[in-house]
Amino acid sequence: MTLSPSSGPNSPDLTQPLTVGNAVNVGFRLYGAKLKPYLWLATRSTLWVLLPIMLAIALGLFYATTQRYFTTLGLVIPAWVVLMVFCSARSYSLSAAIARLGFGDLTQQPESIEAACRYTRARQWQFLWVYVLLFLLGASVSLLFYIVAAVVVVVMLVFVGGTDFLLNPQSAALVNPGLILLAFLVFLGIVGLLIWMLTWFSIRFSVPDLPLAVEPGLKATQSLGRSWELTHKNVGRIFLILLVTWIATIPLQFVIQILLGIAQEAIVRIYPENSPLYGLLTFGSSFLISLLLGIFTLPLWQSIKATIYYDLRRRREGLGLQLSNPELDDGDFGSADIRDSAPPR
């Protein structure tokens, strides 16, 4: 099932740039149209992440109960790290397959789940590298911001005579209460600026995996560069799309909170709150329900990202988008690609 360019009088025209409301509408329609296969891929993606976590819990319980074999940790920990890296790469590739399928439907070039998974699995290490680089970029920007903010605050307080406040805040506040107000305002300004900066940074890299999942011949760094390029001058619109989507998921979050409350009520009726089993079962039920929430929301966000990416390419490049999927042989999982074609004149 694909989304036609205009399947009804109230349907968004996919051949034209999408408004915020239309983009959200298309994302939800895409999510609903392929809910079953998307949930299957999301479940597989979640299970790959869950595997090393459950293994770590099992190993922790084993060493805690036996109090032996600690000398094997030198081999167990590196092996677990390798497993975690592999499982993360496989999880990212399955998540990207959802977005690739969504983009194929938007371009009227549907692709089978197997073909999409083969394409993204062949690039799983590049997907992992995308998110590693994204984490390093975010950490570097945040660290640089904290350093600059700390220097600015210190210089500002020293300039207005707040040296005593830095050395002894309590006594200085009694002498000059205005420094407390100044420090509070500076703190609010720094927090607000940090939130704005991280939000802007996140939106500029809001589709980091889509170019790699769709466009042929890209590497991780090039995929990040494409996200940066495509989102230029579209930060506000993308922010509104993501905000409206998040607001639309609030009812689901309420349902999750109700389920958590019911689970805790059922547990407390069986086990007292000071019982070790109460804490274990409460954590287990919360963890399980959170996993279910993630499974249901992952395809939605990937559908929204696919819609954003589709719309950004139309806006910036003005090209017809065509999904090319030649036959895949056993030795080449990466021959399927998305190619641009000029619109018919």
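Yes/no matrix, rows are residues, columns are (1) under 18 Å from the mean Cα position of the chain (by Cα); (2) aromatic (Phe, Trp, Tyr); (3) at pLDDT 85 or above:
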| position | (1), (2), (3) |
| --- | --- |
| Val244 | yes, no, yes |
| Ala248 | yes, no, yes |
| Gly261 | no, no, no |
| Pro276 | no, no, no |
| Phe283 | no, yes, no |
| Gln302 | yes, no, yes |
*Given (1) more than 27 Å from the chain's Cα centre (by Cα); (2) touching a residue at least 24 places away in the same chain (Cβ under 8 Å), index of the condition Leu55 fails*: (1)
*Count, please, the residues in the stretch 81-117 that happen to be assigned to a loop (DSSP other than H, G, I, E, B), within 16 Å of Trp40 (Cβ to Cβ) and among the polar types (S, T, N, Q).*
1
*Pairs only if they're at least six apart or on different chains, beta carbon under 8 angstrom, first in the stretch 256-276 and more than 11 Å from Ser286 (Cα to Cα), second modelled with pLDDT of 80 or more; list them, first residue then second.*
Ile267/Leu281; Ile267/Thr282; Ile267/Ser285; Tyr271/Leu281
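The values are calculated or read from the model by the stated rules, or taken from the named source; none is laboratory data. Computed from a predicted structure; not experimentally measured. Every residue, glycine among them, receives a Cβ derived from its backbone with ideal geometry; neighbour counts consider all protein chains shown.
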